[in-house]
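Student: What follows is a single structure, and I will ask about it in a moment.
The values are calculated or read from the model by the stated rules, or taken from the named source; none is laboratory data. This structure is a prediction, so every number in the text was calculated from the model and none was measured. Please note: Cβ atoms are built from the backbone with ideal geometry, for glycine as well, and neighbour counts cover all protein chains shown.
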């Protein structure tokens with residue numbers, strides 16, 4: 001499958017930039033993308049060490065490995081931003097996750113410094129949510145919702161209930177669609193050993209049109225992939241829809257329901273997800 005036809009990534013697994021021994025292990029964890037983290041997972045005193053470790057590893061990595069790597073750099077207002085960009089200037093084929101993205105100008109600055117990298121914008125503040133339409137059209141690959149930092153910015157408690165995220169989630173999903181981007185990426189579930197909470201968070205994100213999720217532990221990867229794969233019942237329905245439509249295009253009925261164009265497109269999308 002060529003790069004042009006590869007389906008969007010479903011999982012993005014974080015690895016601290018200080019743990020170089022874990023980089024290769026993360027790549028064989030089953031995650032679609034591995035996020036080498038220079039921001040939240042790295043203490044201030046360790047920033048330079050992490051930056052050097054990530055840059056050195058990328059310099060020796062094969063192109064196929066680099067294509068699956070995303071580096072979360074420090075945000076544009078931080079004192080580490082310029083050094084992060086300089087360290088990654090020659091790292092072609094990777095993607096960069098820009099935290100606290102709040103303007104199209106920040107995207108433009110990052111793209112200019114890293115012409116060989118794709119940019120993912122991490123929306124995690126009220127200002128970022130308010131500017132998300134401009135950010136989405138500034139040349140990013142994908143939008144990502146940083147739910148924990150967003151909740152912190154708004155002094156919002158999402159420990160047991162996440163309805164306060166609905167407005168921002170909707171804006172991010174709609175901005176992605178209008179900019180013809182892949183479905184956005186949902187934030188992390190910090191409860192590593194709670195698969196029920198992980199899948200509940202994913203289901204909530206799917207209701208808003210998100211199509212992927214950030215992961216903080218390898219054991220979160222496979223449950224997400226399984227949940228995003230259509231069930232046997234859904235696949236059977238999709239096949240029957242296409243059979244009915246082929247037999248009577250534009251005038252088919254199935255299970256007492258009219259098979260119109262949106263139903264056919266949904267069936268095609270369901271089968272495509274299974275092939276991916």
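Student: Return the pair list, or none, for Cβ contacts closer than 6 Å from residues in the range 79-95 that are farther than 21 Å from residue 65 by Cβ to residues that are in a loop (DSSP other than H, G, I, E, B) and at pLDDT below 95, at least 6 apart or on different chains.
Tutor: If the second residue must be in a loop (DSSP other than H, G, I, E, B) and at pLDDT below 95, no pairs are left.
Student: Suppose we filter 177, 219 for residues that are surrounded by fewer than 16 Cβ atoms within 10 Å (Cβ to Cβ), in the same structural domain as residue 141 (by TED's automatic domain parsing) and within 17 Å of residue 31 (Cβ to Cβ); which single one remains?
Tutor: Unique residue meeting the criteria: 219.
Student: Return only the number of the condition from (1) farther than 23 Å from residue 215 by Cα; (2) under 20 Å from the mean Cα position of the chain (by Cα) that residue 140 does not satisfy.
Tutor: (1)
Student: Considering only residues that are under 25 Å from residue 204 (Cβ atoms) and surrounded by 15 or more Cβ atoms within 10 Å (Cβ to Cβ), which ones fall in the range 230-262?
Tutor: Within the range 230-262, 230, 234, 235, 237, 238 meet the criteria.
Student: For residue 272, all conditions in the list (1) surrounded by fewer than 16 Cβ atoms within 10 Å (Cβ to Cβ); (2) more than 24 Å from residue 166 (Cβ to Cβ); (3) modelled with pLDDT of 75 or more hold save one; what is the number of the exception?
Tutor: Here residue 272 clears every test but (3).
Student: Pick out the one residue from 112, 82, 55, 86 that is within 29 Å of residue 178 (Cβ to Cβ) and modelled with pLDDT of 95 or more.
Tutor: It is 112.
Student: A further question follows. Hey, among 105, 91, which residue is modelled with pLDDT of 95 or more and either under 26 Å from residue 11 (Cβ atoms) or part of a helix (DSSP H, G or I) (or both)?
Tutor: Matching residue, one of 105, 91: 105.
Student: Is it the case that some residue within the range 155-164 is at pLDDT 95 or above, touching a helix residue (DSSP H, G or I) at 6+ places or on another chain (Cβ under 9 Å) and farther than 25 Å from residue 63 by Cα?
Tutor: no
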